[in-house]
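Notes follow once the structure below has been shown.
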Amino acid sequence: MIQRLLLCLLMLGTATACAPKFERPVLTVSSIELKGGNLFQQNFLVKFQVQNPNRRELPVQGLHADLDIGGQRIASGVSNRAFVVPPMGESEFDMTITANTAAALLQLFGQRADSVDYDLSGSASLDLPFLHEVPFHQAGSFSLKGLR
């Protein structure tokens, strides 16, 4: 009985030692551009960079994101476009997020500065058995020059 218990513990320890170490990927926003729109809908092109510090590929199934300007949620979007980040590599990914209110234009064009601060958050859905989502959050600013 004790021998079986010791054998089970030894096998469990060996299996754990063989399990691959996984580091969380890093998602950053490369750029946000206002792509146009009208009074009822504005479109933003958000470009992401995904870095994979692991020795196995990273299958991304899609992304969702929310964009806040001046503390107010003005846009959100989802994409189910899948892509794979190579092992020890990086990939770029872009998606359109849409604002469905005139408040977004008022918030953007009511600014007297040449740029506006933003807060972008969301998560990437992964096709891995041990990690299904990687959240991201980034704050910054983008230029309003040429948009007014």
(request) Pull up the stretch 46-60, narrow it to residues that are more than 11 Å from Val84 (Cβ to Cβ) and surrounded by 14 or more Cβ atoms within 10 Å (Cβ to Cβ), then point me to the one that is nearest to the chain's Cα centre (by Cα). (result) Phe48
(message) All but one of (1) modelled with pLDDT of 80 or more; (2) touching a strand residue (DSSP E or B) at 6+ places or on another chain (Cβ under 8 Å); (3) of a type outside the set (Asp, Glu) hold for Pro129; state the number of the condition that does not hold.
(response) (2)
(request) Given the conditions (1) polar (S, T, N, Q); (2) in contact with a Leu (Cβ under 7 Å, 6 or more places away or on another chain); (3) at pLDDT below 80, report the number of the one that Thr101 does not fulfil. (result) (2)
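Name the one entry in Gly36, Gly62 that is at pLDDT 80 or above and closer than 27 Å to Leu131 by Cα. Please lay out each step first, then the result.
Values: Gly36 fails: closer than 27 Å to Leu131 by Cα.
Result: Gly62 is the single residue among Gly36, Gly62 that is at pLDDT 80 or above and closer than 27 Å to Leu131 by Cα.
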(message) Would you confirm, using the coordinates I've provided, whether Arg24 is modelled with pLDDT under 80, within 23 Å of Phe130 (Cβ to Cβ), loosely packed, with under 15 Cβ neighbours inside 10 Å and out of contact with any Pro (no Cβ under 7 Å at 6 or more places or on another chain)?
(response) yes
(message) I'd like to know if the stretch 66-84 contains one or more residues that are closer than 21 Å to Leu131 by Cβ, at pLDDT 85 or above, of a type in the set (Val, Ile, Thr) and over 13 Å from the mean Cα position of the chain (by Cα).
(response) yes
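The values are calculated or read from the model by the stated rules, or taken from the named source; none is laboratory data. Since this is a predicted model, take the numbers as computed values, not measurements. Backbone-built Cβ (ideal geometry, glycine too); neighbour counts: all protein chains shown.
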